[in-house]
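Read the structure below first, then the notes.
The values are calculated or read from the model by the stated rules, or taken from the named source; none is laboratory data. Just so we're clear, the structure is a prediction, and the values are computed from it rather than from any experiment. Every residue, glycine as well, gets a Cβ built from its backbone with ideal geometry; the counts of neighbours run over all protein chains shown. Ligands, DNA and RNA are stripped out before the accessible areas are found, and what is left, the full protein with its side chains, is counted by its heavy atoms. Shrake-Rupley method; radii C 1.70, N 1.55, O 1.52, S 1.80 Å.
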Amino acid sequence: MYDVIDICRYMIVYCNIKNYAISNLKLQKLLYFIQAIFLCEEKKPCFDDEIEAWEFGPVVPRAYYEYRHCGGMSIFPDYISFDGYDENKISKKHRTHINIIIDEFSGFTASDLVEITHNQDPWIEAYQSVNNIITKESLEKYFNEEYR
(Lines give C-alpha, C1' and ligand atoms only; values in the text may rest on other atoms or scores of the structure.)
Protein backbone atom coordinates (compact mmCIF):
# COMPACT_ATOMS: atom_id res chain seq x y z
CA MET A 1 0.00 0.00 0.00
CA TYR A 2 1.26 3.44 -0.91
CA ASP A 3 1.01 6.93 0.46
CA VAL A 4 -1.66 8.73 -1.55
CA ILE A 5 0.57 11.80 -1.97
CA ASP A 6 3.28 9.65 -3.60
CA ILE A 7 0.63 8.29 -5.96
CA CYS A 8 -0.52 11.84 -6.76
CA ARG A 9 3.01 13.06 -7.41
CA TYR A 10 3.64 10.13 -9.71
CA MET A 11 0.37 10.80 -11.57
CA ILE A 12 1.16 14.50 -11.98
CA VAL A 13 4.63 13.81 -13.35
CA TYR A 14 3.30 11.12 -15.71
CA CYS A 15 0.50 13.38 -16.97
CA ASN A 16 2.93 16.22 -17.59
CA ILE A 17 5.32 13.94 -19.50
CA LYS A 18 2.39 12.74 -21.66
CA ASN A 19 0.97 16.28 -22.03
CA TYR A 20 -2.30 15.29 -20.34
CA ALA A 21 -4.15 17.99 -18.45
CA ILE A 22 -4.43 17.08 -14.75
CA SER A 23 -6.41 19.43 -12.50
CA ASN A 24 -7.15 18.65 -8.86
CA LEU A 25 -10.69 17.68 -9.85
CA LYS A 26 -9.46 15.20 -12.45
CA LEU A 27 -6.78 13.92 -10.08
CA GLN A 28 -9.47 13.07 -7.53
CA LYS A 29 -11.52 11.08 -10.04
CA LEU A 30 -8.45 9.21 -11.27
CA LEU A 31 -7.59 8.27 -7.68
CA TYR A 32 -11.09 6.76 -7.37
CA PHE A 33 -10.59 4.65 -10.50
CA ILE A 34 -7.06 3.65 -9.49
CA GLN A 35 -8.30 2.52 -6.08
CA ALA A 36 -11.11 0.53 -7.71
CA ILE A 37 -8.79 -1.22 -10.15
CA PHE A 38 -6.27 -2.07 -7.44
CA LEU A 39 -9.04 -3.53 -5.30
CA CYS A 40 -10.26 -5.68 -8.17
CA GLU A 41 -6.94 -6.65 -9.75
CA GLU A 42 -4.55 -6.69 -6.80
CA LYS A 43 -7.12 -7.60 -4.13
CA LYS A 44 -5.74 -4.80 -1.97
CA PRO A 45 -6.04 -1.02 -1.91
CA CYS A 46 -3.52 1.20 -3.65
CA PHE A 47 -3.64 3.65 -0.73
CA ASP A 48 -5.17 3.64 2.75
CA ASP A 49 -6.86 7.07 2.71
CA GLU A 50 -10.63 7.07 2.53
CA ILE A 51 -12.45 8.35 -0.54
CA GLU A 52 -15.39 10.60 0.26
CA ALA A 53 -18.45 11.43 -1.84
CA TRP A 54 -18.41 15.20 -2.31
CA GLU A 55 -20.71 17.31 -4.45
CA PHE A 56 -18.44 17.04 -7.51
CA GLY A 57 -17.72 13.33 -7.11
CA PRO A 58 -15.19 11.20 -5.26
CA VAL A 59 -12.44 13.00 -3.33
CA VAL A 60 -9.49 11.88 -1.24
CA PRO A 61 -9.44 14.79 1.24
CA ARG A 62 -5.71 14.72 2.02
CA ALA A 63 -4.87 14.78 -1.69
CA TYR A 64 -7.47 17.47 -2.38
CA TYR A 65 -6.03 19.80 0.28
CA GLU A 66 -2.48 19.14 -0.93
CA TYR A 67 -3.33 20.54 -4.39
CA ARG A 68 -6.23 22.91 -3.79
CA HIS A 69 -3.93 25.91 -4.26
CA CYS A 70 -3.88 25.01 -7.98
CA GLY A 71 -7.62 25.67 -8.19
CA GLY A 72 -9.13 24.43 -11.43
CA MET A 73 -5.90 24.83 -13.35
CA SER A 74 -3.69 22.02 -14.56
CA ILE A 75 -1.15 20.94 -11.95
CA PHE A 76 2.47 21.23 -13.04
CA PRO A 77 5.42 19.76 -11.14
CA ASP A 78 6.76 23.31 -10.65
CA TYR A 79 3.71 24.09 -8.49
CA ILE A 80 4.10 21.27 -5.98
CA SER A 81 6.52 20.04 -3.38
CA PHE A 82 8.53 17.00 -4.30
CA ASP A 83 10.25 16.66 -0.92
CA GLY A 84 11.01 12.97 -0.52
CA TYR A 85 9.44 12.00 -3.84
CA ASP A 86 10.87 8.99 -5.62
CA GLU A 87 8.83 7.19 -8.27
CA ASN A 88 10.55 3.96 -7.23
CA LYS A 89 8.50 4.03 -4.02
CA ILE A 90 5.82 2.63 -6.33
CA SER A 91 6.65 -0.72 -7.90
CA LYS A 92 7.15 -0.83 -11.65
CA LYS A 93 4.15 -3.17 -11.97
CA HIS A 94 1.92 -0.74 -10.09
CA ARG A 95 3.22 2.26 -12.04
CA THR A 96 2.20 0.36 -15.18
CA HIS A 97 -1.34 -0.17 -13.77
CA ILE A 98 -1.57 3.53 -12.94
CA ASN A 99 -0.28 4.53 -16.39
CA ILE A 100 -2.90 2.38 -18.11
CA ILE A 101 -5.71 3.96 -16.09
CA ILE A 102 -4.44 7.48 -16.75
CA ASP A 103 -4.03 6.73 -20.46
CA GLU A 104 -7.56 5.30 -20.66
CA PHE A 105 -9.07 8.41 -19.09
CA SER A 106 -6.78 10.98 -20.74
CA GLY A 107 -9.42 11.97 -23.28
CA PHE A 108 -12.02 12.73 -20.62
CA THR A 109 -12.37 16.13 -19.04
CA ALA A 110 -12.73 16.50 -15.29
CA SER A 111 -16.42 17.31 -15.89
CA ASP A 112 -16.84 14.09 -17.90
CA LEU A 113 -15.38 12.13 -14.99
CA VAL A 114 -17.67 13.89 -12.51
CA GLU A 115 -20.65 12.82 -14.62
CA ILE A 116 -19.39 9.23 -14.89
CA THR A 117 -18.81 8.89 -11.15
CA HIS A 118 -22.16 10.54 -10.35
CA ASN A 119 -23.81 7.65 -12.18
CA GLN A 120 -21.99 4.92 -10.26
CA ASP A 121 -23.40 3.21 -7.18
CA PRO A 122 -20.39 3.76 -4.87
CA TRP A 123 -20.68 7.56 -5.15
CA ILE A 124 -24.50 7.60 -5.19
CA GLU A 125 -24.80 5.44 -2.06
CA ALA A 126 -22.09 7.28 -0.14
CA TYR A 127 -23.35 10.73 -1.08
CA GLN A 128 -26.73 9.85 0.39
CA SER A 129 -25.24 8.49 3.62
CA VAL A 130 -24.28 10.33 6.79
CA ASN A 131 -20.49 9.88 6.69
CA ASN A 132 -20.09 10.12 2.89
CA ILE A 133 -17.32 7.48 2.82
CA ILE A 134 -17.06 5.49 -0.40
CA THR A 135 -16.02 2.21 1.13
CA LYS A 136 -13.38 0.02 -0.41
CA GLU A 137 -15.92 -2.81 -0.28
CA SER A 138 -18.46 -0.86 -2.33
CA LEU A 139 -15.83 0.05 -4.92
CA GLU A 140 -14.61 -3.52 -5.28
CA LYS A 141 -18.14 -4.94 -5.48
CA TYR A 142 -19.34 -2.40 -8.04
CA PHE A 143 -16.33 -2.64 -10.34
CA ASN A 144 -16.19 -6.43 -10.15
CA GLU A 145 -19.88 -6.62 -11.09
CA GLU A 146 -19.88 -3.88 -13.73
CA TYR A 147 -16.63 -4.53 -15.49
CA ARG A 148 -16.14 -8.30 -15.33
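Which members of region 17-72 meet the condition of being among the basic types (Lys, Arg) and either under 18 Å from ILE133 (Cα atoms) or in contact with a Gly (Cβ under 6 Å, 6 or more places away or on another chain) (or both)? Steps first, please.
First, the residues of region 17-72 that are among the basic types (Lys, Arg): 18, 26, 29, 43-44, 62, 68.
Across region 17-72, the qualifying residues are LYS29, LYS44, ARG62.
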For this session: Please identify the pairs in which a residue from region 29-54 that is without any contact (Cβ under 8 Å) to a residue 60 or more places away in the chain has its Cβ atom under 8 Å from the Cβ atom of a residue that is in a strand (DSSP E or B), counting only partners at least 6 apart or on another chain.
Result: LEU31/PHE47; LEU31/ILE51; LEU31/PRO58; CYS46/TYR2; PHE47/TYR2
Exercise. Across region 104-148, what is the number of residues that are out of contact with any strand residue (DSSP E or B) (no Cβ under 7 Å at 6 or more places or on another chain), within 21 Å of PHE38 (Cβ to Cβ) and hydroxyl-bearing (Ser, Thr, Tyr)?
Worked result: 5
For this session: Test TYR14 against the criterion of being under 23 Å from ILE133 (Cα atoms) and among the aromatic types (Phe, Trp, Tyr), and give yes or no.
Result: no
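Against the definition (out of contact with any Pro (no Cβ under 9 Å at 6 or more places or on another chain), small (Gly, Ala, Ser), farther than 20 Å from VAL4 by Cα and outside any helix (DSSP H, G or I)), how does SER129 come out, yes or no? Step through it out loud before you land on a result.
On the way: out of contact with any Pro (no Cβ under 9 Å at 6 or more places or on another chain): yes; small (Gly, Ala, Ser): yes; farther than 20 Å from VAL4 by Cα: yes; outside any helix (DSSP H, G or I): yes.
Yes: the conditions hold for SER129.
Where residues in region 132-147 are assigned to a loop (DSSP other than H, G, I, E, B) and in contact (Cβ under 8 Å) with a residue 40 or more places away in the chain, which of them is surrounded by the fewest Cβ atoms within 10 Å (Cβ to Cβ)?
Step one: list which residues in region 132-147 are assigned to a loop (DSSP other than H, G, I, E, B), which gives 132, 135, 147.
Then drop every residue that is not in contact (Cβ under 8 Å) with a residue 40 or more places away in the chain, which leaves 132, 147.
Details: ASN132: 15, TYR147: 9.
Among those that are assigned to a loop (DSSP other than H, G, I, E, B) and in contact (Cβ under 8 Å) with a residue 40 or more places away in the chain, it is TYR147.
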For this session: Mind checking which helices (runs of 4 or more DSSP H) fall wholly inside region 1-116 and carry at least 1 residues that are more than 27 Å from ASN144 (Cα to Cα), out of contact with any Pro (no Cβ under 9 Å at 6 or more places or on another chain) and open to solvent by 60 Å² or more (accessible area, probe 1.4 Å)?
Result: 4-17, 61-67
